[in-house]
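Worksheet: one structure, shown below.
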Amino acid sequence: MTNRHRSKLCRRDMLKVTAAGLAIPAVVPGGILGNPNDSGSNDRLRIGVIGTGGRGTDMIRSSTPVSQMRLVALADCDLRRMEGFVDVTRDIFPEAAECNRYQDYRKMLDEEKLDGVFVATPTHGRVLPMIHACQAGVDVYAEKPITLTIEEGQMLIKAVRKHKRIFQAGTQARSLPVNRWAVQQVQQGAIGKIVKALVPNFNTPVDYLPQKAQPVPDGLDWDMWCNQAPLYPCNPMLATGLSQWGLYSQFDGGGSSGGMTGTGTHAFDQIQWAIGKDDTSPIEIWTTEPDGPNCPVVMRYADGQVLKMMTEPGAGPRFGGIFIGEQGKVEINRNVMRSNPVEIAQAMPAFNNSYEGKDDTGYHIADWFNAIRTRRDPSCPVETAHRHSVLCHLANIARQLKRRLRYDPKVDRFVGDDEANNHPIVSRPRREGYELPNL
């Protein structure tokens, strides 16, 4: 296989590529066809941030089209996080030091006149800020996975559509020129009919075991950090980042690097997109040998297409998949395409990467900003994000139940299986004060 990735492409050639039939929005993201820092308007979007830890900081620090937005407010249940956020972003956003700061994001949504908000909280505390932002008339860019349970995804879709909000999920490869072109080749039959798709064997989370209570650090609202989860004895280490809370099923679906929702969300997003399954889910799911907590999972769609996890841990493209067709195969990873026959990848145009050396999320944020202005769906709207999150949830459930499961994507329910439908990854009790709202 050979591969092609980042380089340069003139605007005229790029227009030829995007006109060739890729299933993309009618309005092409400004960050792909031009300078992503040019807003095309004198109006800067008023943006807030909910969750100012590592990922929230990275997005603002290295990715955001600076001239298109004004940073006006921050919210985090840990006041110390906001101090660190301001320290590392003030050189890019001088207004960061003057931002209004809130320990309770709900007060920020009530008091600030925001156009949009980045939501980068831990996964278990993510869906409520997103829904509340929609109810407040604020558009949302959400880190992935967007949900902890299937029920949360159903409710989030209702909120986004009821309140007519622009929602972008943070699977940023959707907006990368290389990935868009590579997906186009798969969709247009460059390797014939797709027989199956392969993804790495991502890790499942483990259950968190409560620890002996420690003093609550100054500035941390531990009750709010626990959110919908039980109010555990304070363990400040959990709140230090994804590498801590992302390991545990009470807070995430496998959020650490190489985990089901931490990396798998990106891979499943590319799979669903390339094989044209953004609006559905597999109808059968089962595990294979070798058995164990991280055994491979196989999924079958209604048309017979198969999605299979590779047996070898860590094998394959971590942020994409391998597509096996009747006339060859293609591998899509982040900013990389490989193919056999090699001529497919060799035909890729050279793309101008406006974010060379930076976090590639910039294209995706530029797409969201453009969607806010045009009021059209961005490249990864809420329904699409729900569907690739569901794949993570289905795989985790199958690993725990250890038997073949049948699933109805139209209603997001398992067929004739009460045990599966009552699984905590489908729906779980939420602590008082953190219930899902009636929509």
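What follows is calculated from the coordinates using simple rules that are stated; it is not laboratory data. Given the structure is predicted, the values throughout are model-derived calculations rather than measurements. Because the Cβ atoms are built from the backbone with ideal geometry, glycine has one as well, and the counts that use them run over all protein chains shown.
If we count GluC sites (Glu not before Pro) as exposed when they sit in a DSSP loop and have at most 16 other beta carbons within 10 Å, what is the longest stretch of the chain that avoids them all? Please report the intermediate quantities before stating the final value.
On the way: sites that count: Glu326, Glu356, Glu432, Glu435.
Longest stretch, sites excluded: 1-325.
Summarising the amide proton neighbourhood of Lys329: residues at separation of 5 or more, or on other chains, whose placed amide H is nearer than 5 Å comprise Asn340.
To the nearest 500 deg cm²/dmol, what mean residue ellipticity at 222 nm is calculated for the chain from DSSP H runs of n ≥ 4 alone, each contributing -39,500 (n - 2.57), summed and divided by the residues? Present the calculation step by step, with values, prior to reporting the outcome.
Numbers: 15 runs with 134 residues, N = 439.
When only DSSP H runs of four or more count, the value is -8500 deg cm²/dmol.
Each principal axis of the Cα atoms in the range 342-438 has its own extent, and those three values, largest first, are 51, 43, 26 angstrom. Toward the positive end of the charge dipole of the range 113-163, with +1 on the Cβ of Lys and Arg and -1 on the Cβ of Asp and Glu, the farthest Cα among Ile157, Leu128, Pro145 is that of Ile157.
Given a cut-off of 27 Å, name the pairs among Lys162/Lys402; Lys144/Lys277; Lys107/Lys277 whose C-alpha atoms lie farther apart than that in the structure shown.
Cα-Cα > 27 Å for Lys162/Lys402; Lys107/Lys277; rest within.
Annotation: amide H-H contacts under 5 Å for Gln168 (H modelled 1.01 Å from N, sequence separation of 5 or more, or interchain): Val140, Tyr141, Ala142. Our analysis of the range 213-286 gives Rg over Rh at 1.14, with the two radii drawn from alpha carbon positions and Rh computed by the Kirkwood formula.
Put the Cα centre of the range 65-129 next to the Cα centre of the range 365-439 and the gap is 26 Å.
Ranking Val178, Ala190, Met260 by how far each Cα lies toward the positive end of the dipole of the range 155-270 (charges on Cβ) leaves Ala190 at the top.
Calculated from the alpha-carbon coordinates, the range 121-233 shows an Rg and a Dmax of 19.3, 60 Å respectively. Dividing the alpha-carbon radius of gyration of the chain by the rule-of-thumb value 2.2 N^0.38 Å gives 0.95. Size descriptors for the range 25-173: radius of gyration and Dmax over Cα atoms are 14.8, 42 Å. Gyration tensor analysis over the Cα atoms of the range 323-397 returns equivalent ellipsoid semi-axes of 26, 22, 12 Å (largest first, whole Å).
If you put +1 on each Lys and Arg Cβ and -1 on each Asp and Glu Cβ, how big is the dipole of the range 25-173 around its Cα centre, in Debye rounded to 20? If you can, show how the numbers build up before the last one.
Details: 19 positive and 19 negative charges, 86 e Å.
For the range 25-173, the charge dipole is close to 420 debye.
With both residues required to sit in the chain, DSSP beta bridges show an antiparallel share near 50%. Straight-line reach from Lys410: taking Cα to Cα under 20 Å and skipping same-chain neighbours fewer than 8 places apart, the aspartates and glutamates in range are Glu151, Glu152, Asp269, Asp278, Asp279, Glu284, Asp303, Glu383, Asp418, Glu419.
With coordinates expressed along the principal axes, the C-alpha atoms belonging to the range 390-439 extend over 37, 23, 19 Å, beginning with the largest.
The charge dipole of the chain, taken about its Cα centre with unit charges on the Cβ of Lys, Arg, Asp and Glu (plus for the first two, minus for the last two), comes to roughly 1120 debye.
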